[in-house]
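Shown next, in structure tokens, is the structure this report addresses.
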Number of protein chains: 2
Amino acid sequence: MLIGIIQQQNTADADYNRRRIAQKTRELAAKGAKLVINQELHDTPYFCQTEAVDKCDLAVDIPSYTTEFYSQVARETGVVLVTSIFERRAPGLYHNTALVYESDGSLAGKYRKMHIPDDPAYYEKFYFTPGDLGFEPISTSVGKLGVLVCWEHGSQAAGRLMALRGAEMLIYPTAIGTESTDTPEEQARQLEAWVTVQRGHAVANGLPVVAVNRVGYEPDESGVTGGITFWGSSFVAGPQGEFLFRAPVDSECTELIDVDLKRSEQVRRWWPFLRDRRIDAYAGLTKRFID
Amino acid sequence: MLIGIIQQQNTADADYNRRRIAQKTRELAAKGAKLVINQELHDTPYFCQTEAVDKCDLAVDIPSYTTEFYSQVARETGVVLVTSIFERRAPGLYHNTALVYESDGSLAGKYRKMHIPDDPAYYEKFYFTPGDLGFEPISTSVGKLGVLVCWEHGSQAAGRLMALRGAEMLIYPTAIGTESTDTPEEQARQLEAWVTVQRGHAVANGLPVVAVNRVGYEPDESGVTGGITFWGSSFVAGPQGEFLFRAPVDSECTELIDVDLKRSEQVRRWWPFLRDRRIDAYAGLTKRFID
């Protein structure tokens, strides 16, 4: 299956960002993409760098102009489209939500980010209430998609639960990068850690993993930090964690990658981790800590 | 803390293998090692390549000549020693067991392999009944050691449970390699997958990971397969999955690696995955599959 990914540098002009995504989706579809995956919160700058109530004006209802826009792009191009929005669920209640549109423009499903980070420059707990839909893959015409979001790269449980519910692929729309005061060595370690832990999910679950990150520098309006240089480096790994594609660290990238979903079953036969799970001994995983 | 690892090619002579391990442990201790880690089932060839009841004669009681030997090595050298034995628990009842000796020669604790593989050339389900001690770190004078064994490299749950119980490091005595009929590309993918998934455990848990593998070719006495070429490649990763050391793929290796256990807390502050776990939504992890 041909998968398209869009690694983009965003501007403050949401309409412009959207138009570029639409155009790239058309190009990918014309080359044969069946599934197109966007980065996290792809319509806007990464507003979570600062805590400001007015930024909540960026949130959108489902449905709304924004969601209809992507529904139309999916219908027009005939691809399954993974999008990521700042969801306004109720007045003052917001989520970081991935919406997946079927190739006919219908909403195949949504995933509300379950694990919410909060660090300097990533003040997501201020904006997003944790998701309440659980870890449910979204069924589409191209397979069951285990959509997770960014920070959940660190949650082995999230990936596993998607796999146990039949996900055929893990997908991470992402916005992650480096802060300017970190040493180059530390920046490199963090990028490599981000890649490695997600490749690990591929191996442990015998599934392809697709991570699509934004790219480029965005300043911190509050001046608290030096801003984020999003590190791009979007990648696709096969079910043994092997690289099928790596995007550049410092430039936009629109790319088509061929992923063989059938390979997962062969890999899982070779390394049948799912067969040997000790479910009798895993109850502690639902504890905060075991003192 | 200085950690010693012993990646060894074994012979059919258990006494000879043991003497070499003892000598290498003395050398590592003389250089300052506080903890020395051995590969899986380090006294013998990897007998699980064939299913033969007579191989059960290799199993040893606790205590026995073998266990006293390693107790004595620990006491003599003053190191904490991680060993791996074929445990005879009762007539006809065997485990694949890691024993950890304190630096005074006392038994600090044991871990009975919980996840048992079974594949051509790795017929462990024939020999070893699954462990019944759970995922409990072993407390020692050098820290709480999360000892797991080989095939458990694929169990994210095992590593996580060790971390939730306070393990300060994950340790994998291992015997894994390639079968001669696999293509070189497939062999490379498997080795890389083995390394990557364990580095992933380091990242997800913010802990160092030490994997110590055997090395060299051992024939399959049954003639069913072409035998195993154990791929060595023992490694130590820091809490961001960064390599601190990688051993060669095709030769023995006795090495001292400096691991800063204090770094884990800093790394977990940067990427506080433990803070954000959605324990309300993890119950499915104790299910075999969720249809």
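The values are calculated or read from the model by the stated rules, or taken from the named source; none is laboratory data. Since this is a predicted model, take the numbers as computed values, not measurements. Ideal geometry is used to build each Cβ from the backbone, glycine not excepted, and the neighbour counts take in all protein chains shown. Just so you know, the surface numbers come from the protein's heavy atoms only, side chains and all, with ligands and any DNA or RNA stripped out. Shrake-Rupley method; radii C 1.70, N 1.55, O 1.52, S 1.80 Å.
Quick notes on this structure:
- Here B:Val215 clears all of (1) within 25 Å of B:Gly32 (Cβ to Cβ); (2) away from chain A (no Cβ under 14 Å); (3) touching a helix residue (DSSP H, G or I) at 6+ places or on another chain (Cβ under 8 Å) except the condition numbered (3).
- Of all the residues in the stretch A:133-161, those that are within 12 Å of chain B (Cβ to nearest Cβ) and polar (S, T, N, Q) number 2.
- Extreme residue, nearest to the chain's Cα centre (by Cα), among residues of the stretch B:250-267 that are open to solvent by 70 Å² or more (accessible area, probe 1.4 Å) and of a type outside the set (Asp, Glu): B:Lys262
- Scanning the stretch A:87-114 for residues that are under 13 Å from the mean Cα position of the chain (by Cα) and open to solvent by 10 Å² or more (accessible area, probe 1.4 Å) turns up A:Lys110, A:Arg112.
- Members of the stretch A:99-141 that are in contact with an Asp or Glu (Cβ under 9 Å, 6 or more places away or on another chain) and part of a strand (DSSP E or B): A:Leu99, A:Ala108, A:Gly109, A:Lys110, A:Tyr111, A:Arg112, A:Thr140
- Among (1) more than 9 Å from chain A (Cβ to nearest Cβ); (2) closer than 16 Å to A:Ala157 by Cβ - the single one B:Lys287 does not satisfy: (1)
- Test: residue in the stretch A:49-59 that is surrounded by 15 or more Cβ atoms within 10 Å (Cβ to Cβ), hydrophobic (A, V, I, L, M, F, W, C) and either in a strand (DSSP E or B) or modelled with pLDDT under 95 (or both): no
- Close pairs (6 angstrom Cβ cut-off, 6 or more residues apart or separate chains): within 18 Å of A:Asn213 (Cα to Cα) in the stretch A:98-116, acidic (Asp, Glu) anywhere: A:His115/A:Glu152; A:His115/B:Asp276; A:Ile116/A:Glu124
- The stretch A:153-172 - residue that is in contact with an Asp or Glu (Cβ under 9 Å, 6 or more places away or on another chain) and in a helix (DSSP H, G or I) and, of those, nearest to A:Arg277 (Cα to Cα): A:Leu161
- The numbered conditions (1) within 13 Å of chain A (Cβ to nearest Cβ); (2) in contact (Cβ under 8 Å) with a residue 12 or more places away in the chain; (3) aromatic (Phe, Trp, Tyr) are all true for B:Trp270 except (2).
- In the stretch B:165-210, the residues that are under 18 Å from A:Ala281 (Cβ atoms) and either of a type in the set (Lys, Arg) or in contact (Cβ under 8 Å) with a residue 40 or more places away in the chain (or both): B:Arg165, B:Ala167, B:Leu170, B:Tyr172, B:His201, B:Asn205
- In the stretch B:180-215, the residues that are buried (at least 24 other Cβ atoms within 10 Å of the Cβ), over 16 Å from B:Glu40 (Cβ atoms) and charged (D, E, K, R): B:Arg199
- Selection within the stretch B:199-219 - part of a loop (DSSP other than H, G, I, E, B) and at positive phi: B:Gly206
- Verdict on A:Pro208 being touching a strand residue (DSSP E or B) at 6+ places or on another chain (Cβ under 7 Å) and either at the interface with another protein chain (Cβ under 9 Å from one of its Cβ atoms) or more than 18 Å from A:Glu87 (Cα to Cα) (or both): yes
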